[in-house]
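The values are calculated or read from the model by the stated rules, or taken from the named source; none is laboratory data. Small disclaimer: the values here were computed from a predicted structure and weren't measured. Backbone-built Cβ (ideal geometry, glycine too); neighbour counts: all protein chains shown.
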Amino acid sequence: MIFQDNVIKEYLKNVYFITGTPCGGKTTVSRALAEKYGFELFDVDERFDEHKKMSNPLFQPAMNTYFNSADEFFGRTVEEYKNWLLNNTREQLEFVLLAPKNGSLSLVRPSLAARLKP
């Protein structure tokens, strides 16, 4: 499924993406912000297994890359890691945009941040 940029921008105008490297504190920061401001939290890491089951190695190769050890994961060059991280994030975004809400498939609703605007 392909979404036009203007549609994506409208649906995501009040969504905050917190990204970064493993063990960088993304979950800690996002949970603290969600609690403090009443944001709806969508933790991609918590849903990775679910997304992976729906994925296809042909269309989501980064999501389906296996690492046999921590050394293999962390021992990549900066360029290899950067490319994998960007591709993995892009591939997972498709699943985030079509996240189930109340048992039905729909675009993720924009964050509650809109309520905070003056």
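Descriptive notes on the structure:
- Subset of the stretch 67-112 that is at pLDDT below 65 and in contact with a helix residue (DSSP H, G or I) (Cβ under 7 Å, 6 or more places away or on another chain) - its residue that is surrounded by the fewest Cβ atoms within 10 Å (Cβ to Cβ): Pro110
- Output for the stretch 27-49, where each listed residue is assigned to a helix (DSSP H, G or I) and in contact with a helix residue (DSSP H, G or I) (Cβ under 8 Å, 6 or more places away or on another chain): Thr27, Tyr37, Val44, Asp45, Arg47, Phe48
- If the condition is being in contact with a Phe, Trp or Tyr (Cβ under 9 Å, 6 or more places away or on another chain) and loosely packed, with under 13 Cβ neighbours inside 10 Å, then the stretch 26-64 contributes Glu50, Met54.
- The stretch 54-71 residues that are closer than 19 Å to Leu86 by Cβ, paired with ones that are hydroxyl-bearing (Ser, Thr, Tyr) and surrounded by 10 or more Cβ atoms within 10 Å (Cβ to Cβ) (beta carbon under 7 Å, 6 or more apart): Met63/Ser55; Asn64/Ser55
- Residue within the stretch 35-42 that is without any contact (Cβ under 8 Å) to a residue 12 or more places away in the chain and within 14 Å of the chain's Cα centre (by Cα) present: yes
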